[in-house]
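> Just passing along the structure, written as structure tokens.
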Amino acid sequence: MPVVAAAVCPHPPVIVPELAFGAAPELDSLRAACLAAIDVLAEADALVIVGSGPVTGRRYDASAGGSFAAYGAPQVRVGDGEAVLPLSLLVGAWLVGQSKAAGVRRTSISVADDSPEVCLALGREIAESNDRIGLLVMGDGSARRSDHAPVHLHPRAEIFDATVAKALRSVDLDVLAALDTDLATVLQAAGRAPWQVLAGALTQTALTGNLTYDAAPYGVGYFVASFT
């Protein structure tokens, strides 16, 4: 069956209030947008979380563990097992746990910095499930949006992110599929491969998009979108 609903969220560790310290209220609108987008997935039969990681196609069940100890909050964990989840899937699992979709059976899948063809193929594979799939795609935009960004400002960062935002809003899968891999690497846009998985997964659907958050509060582009 095709994907019946999808959501896109970013994965900064500071989205977890215990890590945000004084900036926690500053990110309230981002957290609220993420949870609202993920709530839409609660009616699916199964949830698939996709995010960047070292290997494409590695699957983790819901028991896979993760910890925010490396970011200063060892008390914040997900799953019962060993801490193996990469950051994108860790944040995704944490967000799901705060949402109405917390009780939905889920699998997490990592995607490496692979070619668009590999990412699109993974998306099509996800969509071939016999379940009604709710898809959560974790990905940040460029980390070079301002002089205060993790990496110094790049003149093409803002237009790259604007292109992504417009494609998410209009569900322009061709634009997402055609995102330049080399440019995304230069701009440190961690969401490029996961967004191309999304493009592959939504190919046979007629879902409409709603972009609910588009900002770069720390010089990194963050997008939240839902597809229903």
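> Quick check, is V111 β-branched (V, I, T) and touching a residue at least 40 places away in the same chain (Cβ under 8 Å)?
yes
> Here's a check for you: in the range 110-132, which residue that is assigned to a loop (DSSP other than H, G, I, E, B) and acidic (D, E) is farthest from T185 (Cα to Cα)?
Checking each candidate, the answer is D131.
> Scan the range 114-124 and tell me whether some residue there is over 24 Å from D45 (Cβ atoms), among the β-branched types (V, I, T) and open to solvent by less than 10 Å² (accessible area, probe 1.4 Å).
No.
> Then there is this: When residues of the range 160-189 are filtered for being in contact with a helix residue (DSSP H, G or I) (Cβ under 7 Å, 6 or more places away or on another chain) and small (G, A, S), how many remain?
4
> Inside the range 76-100, can you point out the residues that are open to solvent by 10 Å² or more (accessible area, probe 1.4 Å), in a helix (DSSP H, G or I) and either within 22 Å of D39 (Cβ to Cβ) or in contact with a strand residue (DSSP E or B) (Cβ under 6 Å, 6 or more places away or on another chain) (or both)?
W94, G97 - these are the residues of the range 76-100 that are open to solvent by 10 Å² or more (accessible area, probe 1.4 Å), in a helix (DSSP H, G or I) and either within 22 Å of D39 (Cβ to Cβ) or in contact with a strand residue (DSSP E or B) (Cβ under 6 Å, 6 or more places away or on another chain) (or both).
> Right, another one. Quick check, is P2 open to solvent by 30 Å² or more (accessible area, probe 1.4 Å) and in contact with a Leu (Cβ under 9 Å, 6 or more places away or on another chain)?
It is true that P2 is open to solvent by 30 Å² or more (accessible area, probe 1.4 Å) and in contact with a Leu (Cβ under 9 Å, 6 or more places away or on another chain).
> Continuing with the same structure: Just to check your reading of the model, which residue among R145, R192, R156 is basic (K, R), touching a Phe, Trp or Tyr at 6+ places or on another chain (Cβ under 9 Å) and farther than 21 Å from A36 by Cα? Spell out how you get there, then give the answer.
Details: R192 fails: touching a Phe, Trp or Tyr at 6+ places or on another chain (Cβ under 9 Å); R156 fails: touching a Phe, Trp or Tyr at 6+ places or on another chain (Cβ under 9 Å).
Step by step, each of R145, R192, R156 is checked, and only R145 is basic (K, R), touching a Phe, Trp or Tyr at 6+ places or on another chain (Cβ under 9 Å) and farther than 21 Å from A36 by Cα.
> I want to confirm something. Restricting to the range 101-113 and keeping residues that are hydrophobic (A, V, I, L, M, F, W, C) and under 14 Å from I38 (Cα atoms), which single residue is surrounded by the fewest Cβ atoms within 10 Å (Cβ to Cβ)?
A102
> A further question on this structure: Quick check on L211: is it in contact with a strand residue (DSSP E or B) (Cβ under 6 Å, 6 or more places away or on another chain), aliphatic (A, V, I, L, M) and over 21 Å from S146 (Cβ atoms)? Quick ask: steps written out before the conclusion?
Values: in contact with a strand residue (DSSP E or B) (Cβ under 6 Å, 6 or more places away or on another chain): yes; aliphatic (A, V, I, L, M): yes; over 21 Å from S146 (Cβ atoms): no.
Criteria not met by L211.
> Sticking with this one: Please pick out the residue among T107, T185, T181 that is closer than 30 Å to A42 by Cα and among the β-branched types (V, I, T).
From the options T107, T185, T181, the qualifying one is T107.
> Something else: Against the definition (charged (D, E, K, R), at pLDDT below 90 and open to solvent by 50 Å² or more (accessible area, probe 1.4 Å)), how does E26 come out, yes or no?
Criteria met by E26.
> Kindly list, by first and then second residue, each pair from a residue in the range 67-87 that is of a type outside the set (V, I, T) to a residue that is surrounded by fewer than 14 Cβ atoms within 10 Å (Cβ to Cβ) and in a loop (DSSP other than H, G, I, E, B), limited to pairs with Cβ atoms under 9 Å and residues at least 6 apart or on different chains.
G79/S63; D80/S63; G81/S63; P86/P54
> Further, regarding this structure: Based on what the data block shows, is Y213 out of contact with any Gly (no Cβ under 8 Å at 6 or more places or on another chain), within 17 Å of G92 (Cβ to Cβ) and at pLDDT 95 or above?
In short, yes.
The values are calculated or read from the model by the stated rules, or taken from the named source; none is laboratory data. This is a predicted model, so every value here is computed, not measured. Quick reminder, even Gly has a Cβ in these numbers, built from the backbone with ideal geometry, and neighbours come from all protein chains shown. Please note that ligands, DNA and RNA were not included when accessible areas were found on the heavy atoms of the full protein model with its side chains. Shrake-Rupley method; radii C 1.70, N 1.55, O 1.52, S 1.80 Å.
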